[in-house]
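Since every read-out is calculated from the coordinates, none of them should be taken as a lab result. Everything quoted here is computed from the prediction, not taken from an experiment. So basically every Cβ, Gly included, is an ideal-geometry build from the backbone, and we count neighbours across all protein chains shown.
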Amino acid sequence: MGDETEMNGMSKGNLPAEYTSFVGRTGEVAEGLAGLASARLLTVTGPGGVGKTRVATRIAQAARRSFPDGVWYAELSAVHDEAELAGRVAQVLGVPGRRTADDVAAVLRDRRALVLLDTCEHLTPAVSRLAEAMLRHSAEARVLVTGRRPPSTGGQRILDLRPLPDADALALFADRAVAADPGFKLTPEVRRAAAAVCRSVDALPLAVELAAACLRTLSVGELRDRIRDRGALSAGATTSVLARHRDLRALVGWSHELCGAEQRVLWAALSVVRGPFEPEMAESIGAEAGLPEARVLAVLADLVDGSVVSREPTPEGPRYRMLRVYREVGVEHLDDGARRRLTARYGTRRPGPAPRPRRVRDPGRPVLSARELQVAVLITEGLTNLEIARRLVISKRTVDAHVRNILAKGHLASRTHVAAWVASSLGSDSIPASVQG
């Protein structure tokens, strides 16, 4: 049986049906649809429990009329290697037995189809190669990926999900609370307690749902007090078929397992900080925890890439923040002495105005040419190499070379690392006027 017959046998695809209401995220879904229309690879990223799968599925559902050859969904959390990945996607596409990325991708030749690869953070290199093969074999196919770390594939658009706004978190809590307790009413007193619950779990959608499920046995006030006194939810009741999606701490533990040794050390050390912190503070904490100071910002960038730490631009400079449940898991990996020492020094600190960036670089900092510096600063604005080329009126090939030089000089692994280095190491006096605008 040929590929055409096999795919046409399920021409609508296999996108899973929704079985609970979808609350909020209207803007994110619209942004995702726009990204999918302008790029052939869209990646939905964010911390565990933020709703990546749900948002990606909603985007795929809304876009399905644009894909007459179907929308195909592959859940990959139980996949462990590249051959298994290819086999799983081949099975979804109706051509079992294929074991290489090119063999699987060949099925999509001349097909206008959308393939959703869900939960890919543990397979980043393999998923990158598979996505590239799919896009290379078919000019009409699109790929939608979810993961806490985006694949290293050029030309992708990234939709970075954050916790819900307060109003949407409360609406989600109320919706799920009625399912747990049909008599639930959002009176003014209950509203205040429910809003406190949502804030206590950082408005993470999964955490909000787990909290609402607890109303089978607790009142909203009791739930608020228990979370405030004991920390984020260890377990709850959801209908997810994935065990780690039924336990918030297990979900965060999955992120911890995916981290390397340096990332785990910095995660644990930063977990004592209850609010936002600056790059300089991260360097100080990381050095005190035993990391080489020159490595801390690169390790911090890894944690940002893995959605463990969020980066928040401000007029005074970048701030970083770790969600409460990530802090609770991190602090468990500190010994008592380190926890007391770091908490005493950093646990109650609140960031003031960001210190002026250093005008004189440390001897160990990479020295960039004026053009490389322009490119590095534009990377921090989120511009692609093509967009940088257009801004500076130079060729994309030249920009590609400058980016390679920047990464090599700084011993950096990704564009996120470049952004972290520029933010912490350069003052406005060092930035060319043409870039400052």
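Which residues does a label at Arg390 reach in the range 41-77, if reach means a backbone N under 19 Å from a point 7 Å past the Cα toward the Cβ?
Taking a point 7 Å out along Cα→Cβ of Arg390, the residues of the range 41-77 whose backbone N falls under 19 Å are 41-42.
Once you place label points 7 Å from the Cα toward the Cβ at Arg136 and Arg345, how far apart are they in nm?
Calculated label separation equals 4.9 nm.
When Lys and Arg each count +1 and Asp and Glu each count -1, what net charge do the other residues less than 15 Å away from Ala101, Cβ to Cβ, add up to?
Summing Lys/Arg as +1 and Asp/Glu as -1 gives 0.
Evaluate the distance, in nm, between pseudo-label points positioned 7 Å from the Cα of Ala370 and of Ala196 along their respective Cα→Cβ axes.
6.0 nm
With each label point set 7 Å from Cα along the Cα-Cβ vector, what nm distance links Ala401 and Asp81?
4.1 nm
Treating the beta-carbon of each Lys and Arg as +1 and of each Asp and Glu as -1, no other charges, what is the dipole magnitude of the range 107-154 about its Cα centre, to the nearest 20 debye?
Working: 8 positive and 5 negative charges, 12 e Å.
Computed charge dipole of the range 107-154: roughly 60 debye.
So how much slack lies between Ser38 and Arg228, counting 0.36 nm per residue of separation and subtracting their Cα-Cα distance, in nm?
Values: separation 190, 0.36 × 190 = 68.40 nm, distance 4.38 nm.
Stretched out fully, the Ser38 to Arg228 stretch lengthens by 64.0 nm.
Stretch Asp166-Arg65 to full length: gain in nm at 0.36 nm per residue minus the Cα-Cα span?
Stretched out fully, the Asp166 to Arg65 stretch lengthens by 33.1 nm.
Can you tell me the length gained on complete extension of the stretch Thr187 to His411, counting 0.36 nm per residue apart and subtracting the Cα distance?
Working: separation 224, 0.36 × 224 = 80.64 nm, distance 5.61 nm.
Contour length minus the Cα-Cα distance gives 75.0 nm.
Starting with the highest mean, order 185-196, 279-290, 51-62, 372-383 by the number of other Cβ atoms within 10 Å, averaged over the residues of each peptide. Walk me through the numbers on the way to the answer.
Values: 185-196: 14.4, 279-290: 18.5, 51-62: 21.9, 372-383: 20.1.
The most tightly packed comes first, giving 51-62, 372-383, 279-290, 185-196.
Just tell me which lysines come within less than 16 Å, Cα to Cα, of Lys396; anything on the same chain fewer than 8 places away is out.
none
Can you tell me which aspartates and glutamates have their Cα less than 14 Å from the Cα of Lys12? Leave out same-chain residues fewer than eight positions away.
Within the straight-line cut-off, Lys12 pairs with Glu4, Asp69.
Among 128-140, 76-88, how do they line up from the highest to the lowest mean number of other beta-carbon atoms within 10 Å?
Sorting 128-140, 76-88 by mean packing, highest first, produces 128-140, 76-88.
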